[in-house]
């Protein structure tokens, strides 16, 4: 049996569009629109263009939590962006997010309309706009900001690192899986130690830090992400599991997880969302 030769990087990298993997057909080394297409819009000030991946779920949960508080101005239209079909490269979407990643939000309640992209930025924008889920105490707000940035910096190792090589790469490779498994377990340990002493990430208050972190790490320990719960021995992180189960019981979280979801059981799907009656 012949041994495979180790990969030797070329002197100058060139794009191989046939590189393989689940997302090979949409990955490319250039930015910008590939086709002209206007985005749909509805009646509300807030227009969301997204998909129910963890980053998308952050924003729909936030919006549903605001509505749960009775903040009617948080009503929104949510439109599906099918990233596997390249919807994120339409001219309309690129106008809102030049980085061509979901989610993207357009607030037409301002003059001119305000675009917001990057899920963490959207959470901050909505928290400040509606004065909710964002601590008022200076020290606690700093803690909230720290955990929010922790999530934004850590999740790429979970998604683009572990998730890609464990679940989506064209072949399983020991080195990257071992490398990213070690890092994800370290992150889970960070969370577990924090949540051993606190109900939520910032203490007793449920904040945008929890809303940002739950769709990634909560989904992971609840067995909803990469089918990797057993592999990662997630039940050993008892405090993360407790926190995830507690958040998953919130009605707004249950609604938010459905929006822009087009897979799984039919009763958990909702391609678009335009009003509360869509959940009936």
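Tabulated values for the structure
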| item | result |
| --- | --- |
| Test: residue in the range 55-68 that is farther than 20 Å from residue 214 by Cβ and at pLDDT 95 or above | no |
| Wholly within the range 168-245, helices (runs of 4 or more DSSP H) carrying at least 1 residues that are over 20 Å from the mean Cα position of the chain (by Cα) | 174-195, 229-232 |
| Residue ID - nearest to residue 276 (Cα to Cα), chosen from residues in the range 251-262 that are in contact (Cβ under 8 Å) with a residue 24 or more places away in the chain and surrounded by fewer than 18 Cβ atoms within 10 Å (Cβ to Cβ) | 251 |
| Residue in the range 89-97 that is out of contact with any strand residue (DSSP E or B) (no Cβ under 8 Å at 6 or more places or on another chain), within 30 Å of residue 136 (Cβ to Cβ) and not assigned by TED's automatic domain parsing to the domain that holds residue 144 present | no |
| Count of residues meeting criterion [in contact with a strand residue (DSSP E or B) (Cβ under 6 Å, 6 or more places away or on another chain) and on the phi > 0 side of the Ramachandran plot] in the range 54-88 | 0 |
| Test for residue 158: is it outside the structural domain of residue 126 (by TED's automatic domain parsing), in a helix (DSSP H, G or I), surrounded by 21 or more Cβ atoms within 10 Å (Cβ to Cβ) and touching a helix residue (DSSP H, G or I) at 6+ places or on another chain (Cβ under 9 Å) | yes |
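The values are calculated or read from the model by the stated rules, or taken from the named source; none is laboratory data. Note that the structure is predicted; figures quoted are calculated from it, not measured. Backbone-built Cβ (ideal geometry, glycine too); neighbour counts: all protein chains shown.
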